[in-house]
Amino acid sequence: MREALTAFVEYLTSQRQYSPHTVRAYQTDLEQFIEFLVEKMRRPEPLSLENVTKEDVRLFLAARIRHGMSKRSVARKMASLRSFFGYLSSNGVITSDPTLTLYSPKQDKHLPEFLREEEMIDALNAIETRSVTGIRDRAILEFFYGTGIRLSELVTVNVSHIDFTSGTVRIFGKGRKERVLPMGRHICEILRQYLTRRVEFHPKAGEQAMFLNRSGKRISPRGVQLIVKKRLQQVSEKKKLSPHMLRHSFATHLLDRGADLNAVKELLGHASLSTTQMYTHLTLDRLKKVYRRAHPRAGCT
């Protein structure tokens, strides 16, 4: 089984081109499952893939729940196991997939947090742009809020991916799927300013990466998270201030202003419309509040 896991990790990395973070998550989940079979089920190694049953998977997930793991985390482990055994089945390594008829635990619905439009504008305007770091930070927040891209996508943007003539940027999302996103006037303006001063990070700044750290190297995801948190703390007292909150704000504000759900799905790079539909709950709640405050007969509903 460990040999199969090594091959699966290689498949995710080289063929599916998953991010290192995603690959590590899959690998951790599957290593935990192997340890469970060895220790709790008292299976001697090497473990036989054909001997893994649906009951083994069910008991593993049940043990996670008993130890207080959230339904969301258990669902992710189920997804890892399903992908692993699906890969083995499609490649003829096993004849029966033990996860085929299992379902993930029903998750509690947690609506994503977002910033109000006023908060978002205040956060952007609060960033001074006299220094090169200020311009870079403003460009990063403008980019997140103006395109709705993921953190993993932003840190991989290269200068060559930007087309100022058409006002677009090429993004490589999950599984290296490419999509082209429009950039608004504000993004284009701040990016042009940033590019004229980008060399200040280092005389020989890397030619590829758009966003650089103080050493002139491609900025890390952690570096971006710290920048976003620092800048948003100036206008918001919310606890989970993150790049993903800017993505949520992007989608929510678009829908608030009448954007088509399918269009928002494409902009976000979602594989399924159901993923995008969570934002309709946010906009619907806000519409209800406006209606109750404004309509003279709203109290009758």
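The values are calculated or read from the model by the stated rules, or taken from the named source; none is laboratory data. As the structure is a computational prediction, the values presented were derived from the model and not from experiment. Cβ placement follows ideal geometry from the backbone for every residue including glycine, while neighbour counts extend to all protein chains displayed.
The single condition from (1) of a type outside the set (A, V, I, L, M); (2) in contact (Cβ under 8 Å) with a residue 60 or more places away in the chain; (3) part of a helix (DSSP H, G or I) that LYS238 fails is (3).
Among the residues making up region 71-114, a single one is surrounded by 12 or more Cβ atoms within 10 Å (Cβ to Cβ), at pLDDT below 85 and hydroxyl-bearing (Ser, Thr, Tyr): SER104. Could you say whether any residue in region 128-145 is under 15 Å from the mean Cα position of the chain (by Cα) and touching a residue at least 60 places away in the same chain (Cβ under 8 Å)? For region 128-145, residues under 15 Å from the mean Cα position of the chain (by Cα) and touching a residue at least 60 places away in the same chain (Cβ under 8 Å): present. As for region 235-246, it holds at least one residue that is out of contact with any Cys (no Cβ under 7 Å at 6 or more places or on another chain), outside the structural domain of PRO20 (by TED's automatic domain parsing), farther than 20 Å from TYR279 by Cβ and not charged (D, E, K, R). Restricted to region 159-178, and to residues there that are in contact (Cβ under 8 Å) with a residue 24 or more places away in the chain and surrounded by fewer than 16 Cβ atoms within 10 Å (Cβ to Cβ), the residue that is nearest to SER131 (Cα to Cα) is VAL159.
Within the group LEU191, LEU232, LEU226, which residue is over 24 Å from GLU266 (Cα atoms) and surrounded by 14 or more Cβ atoms within 10 Å (Cβ to Cβ)? It is LEU232.
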